[in-house]
Amino acid sequence: FTRTTSPPHACRRHGEGSSLHDATLEVWVNVVDAGQRIGSLELSISTDRLLARQRQMTMASLRIAALLVLVCAGLVLWLRRFVTQPLAELGDTMQGIAESGELGTRVTHHRKDELGRIYDIFNTMMDEIATRQRAHEASERRLRTLVEALPDLVVIVDRHGAVIELPK
């Protein structure tokens, strides 16, 4: 940092301004008292330290950005492993049940989080569907037994009047 004051007659510049050349920043202003220019003030500073500090800040910013990218990548992998993949497996199980009709399929897990709760609810739902299916099949067997035991011919029709079944 260099400070130069000089009488008005020795001033190198008139007016106010700044310049940057040869890694040096120069700023100059007039000094005025009671409307009269009585001198000027010139400041000169090397930009080497400023540029070095700027490089340090840029490198620090790049390191922080790289760290954030790594943290985000880790978060994506964690989400995939602990959220997306288990949900995809549950979806595959549901698709398998839909295709095969196998109501005895259950999801096994050891989770104590929200996904574990979803698995438990799914298993409870499958238990309820299987129970209702067994009750429906038992009711249907009782109805068939009754219909087959009747001495008269019984025709079973749907609500539109179409014949569903004739006893054997």
For the range 125-167, what are the residues that are charged (D, E, K, R), open to solvent by 90 Å² or more (accessible area, probe 1.4 Å) and under 53 Å from the mean Cα position of the chain (by Cα)? R132, R134, R141, R159
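Here's the yes/no breakdown for (1) at pLDDT below 95; (2) of a type in the set (K, R); (3) open to solvent by less than 80 Å² (accessible area, probe 1.4 Å):
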residue	(1), (2), (3)
W78	yes, no, no
L90	yes, no, yes
E114	yes, no, no
I121	no, no, no
Hits in the range 98-110 - residues which are assigned to a loop (DSSP other than H, G, I, E, B) and open to solvent by 60 Å² or more (accessible area, probe 1.4 Å): E102, R106, T108, H110
Among the residues of the range 73-97, which ones are of a type in the set (S, T, N, Q) and either in a loop (DSSP other than H, G, I, E, B) or more than 20 Å from the chain's Cα centre (by Cα) (or both)? T93, Q95
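The values are calculated or read from the model by the stated rules, or taken from the named source; none is laboratory data. Computed from a prediction, not measured in an experiment: that's the story for all the values here. Accessible surface is based on the protein model in full, side chains and every heavy atom, while ligands, DNA and RNA are left aside. Shrake-Rupley method; radii C 1.70, N 1.55, O 1.52, S 1.80 Å.
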